[in-house]
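A short write-up of the structure that comes next.
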Amino acid sequence: MIWMCALRLTLVCCLVLSCFITPSKAYAGDNALPNTLSVGGGWQELFKNTPYKNGGDLRLEHRWGVSLLSLASDFFQPLDSGFQIHPVIGIETTTRTEVYGFGGLILDFLIGRHIVVSPNFALGYYSQGQGKKLGCPLEFRSTMEAGFRFENEWRLTGYMGHISNAGFGDHNPGVELGGIYIHIPLSP
């Protein structure tokens, strides 16, 4: 039990510290997006009426604004105006005391100035709490987001996602989630 508390504390500390890490302006490019603190809320087990397993979904994430494409090579910099790949780290919990700490990648498709579609993929550690048995502490998350990017770089997006162990566990029931995010810029 103590190691679980230590893991949770470590994840929260990493998330808070990561908010202060910003890429060098030399790598930022002309189309760099700001780092964001993303706060989300929604519901788990969207498509099943299982009161003993469903509940509220709460998320806190740090998303880096630097595009990994232009960071890898100047060759990709022209793509940054319409497509960027960003790292993300976060923690997710539910009203059923489940906890999921993760890291992954977000693919931002920037449609015009204001529309954004962002599929994202993550790998993390899952603690069941009083929630659903997902079969393995190693879990994969795939999420699709779509929403609006305001002039001041704040975003409001809706999300639908799935968490499962991809067959690494004894069983693989998975869980579906949906809700909304508000993305708060941390750097200009």
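The values are calculated or read from the model by the stated rules, or taken from the named source; none is laboratory data. Model, not experiment: these values are computed from the prediction. FYI the Cβ positions are ideal-geometry reconstructions off the backbone, even for glycines, and counts take in every protein chain you see.
Is it true that some residue in region 70-77 is within 22 Å of residue 180 (Cβ to Cβ), surrounded by 19 or more Cβ atoms within 10 Å (Cβ to Cβ) and modelled with pLDDT of 50 or more?
Scanning region 70-77 turns up no residue that is within 22 Å of residue 180 (Cβ to Cβ), surrounded by 19 or more Cβ atoms within 10 Å (Cβ to Cβ) and modelled with pLDDT of 50 or more.
If a residue has to be surrounded by fewer than 18 Cβ atoms within 10 Å (Cβ to Cβ) and either more than 17 Å from residue 57 (Cβ to Cβ) or in contact with a Ser or Thr (Cβ under 9 Å, 6 or more places away or on another chain) (or both) to count, how many in region 162-184 make the cut?
So the count comes out to 13.
Quick one: is residue 111 under 19 Å from residue 178 (Cα atoms) and either over 11 Å from the mean Cα position of the chain (by Cα) or at pLDDT 95 or above (or both)?
In short, no.
Buried (at least 20 other Cβ atoms within 10 Å of the Cβ), at negative phi and in contact with a strand residue (DSSP E or B) (Cβ under 9 Å, 6 or more places away or on another chain): is that true of residue 134 in this structure?
Answer is yes for this residue.
Determine which single condition residue 78 fails, assuming it passes every other condition in (1) over 19 Å from residue 38 (Cβ atoms); (2) in a loop (DSSP other than H, G, I, E, B); (3) free of Cβ contacts under 8 Å to residues at least 40 places away in the same chain.
Residue 78 satisfies all of (1) over 19 Å from residue 38 (Cβ atoms); (2) in a loop (DSSP other than H, G, I, E, B); (3) free of Cβ contacts under 8 Å to residues at least 40 places away in the same chain except (2).
Only one of these conditions is not met by residue 159: (1) in a strand (DSSP E or B); (2) in contact (Cβ under 8 Å) with a residue 60 or more places away in the chain; (3) more than 18 Å from residue 62 (Cα to Cα). Which number is it?
The one condition residue 159 does not meet is (3).
Among the residues of region 148-161, write down those that are crowded, with 19+ Cβ neighbours inside 10 Å and either of a type outside the set (S, T, N, Q) or modelled with pLDDT under 95 (or both).
149, 155, 159, 161
Give 90, 65 a once-over and let me know the one that is in contact with a Pro (Cβ under 9 Å, 6 or more places away or on another chain) and either polar (S, T, N, Q) or buried (at least 20 other Cβ atoms within 10 Å of the Cβ) (or both).
Residue meeting the stated conditions: 65.
Please find, among 164, 73, the residue that is under 18 Å from residue 55 (Cβ atoms), of a type outside the set (A, V, I, L, M, F, W, C) and either without any contact (Cβ under 8 Å) to a residue 60 or more places away in the chain or in contact with a strand residue (DSSP E or B) (Cβ under 8 Å, 6 or more places away or on another chain) (or both).
Checking each option against the conditions leaves just 164.
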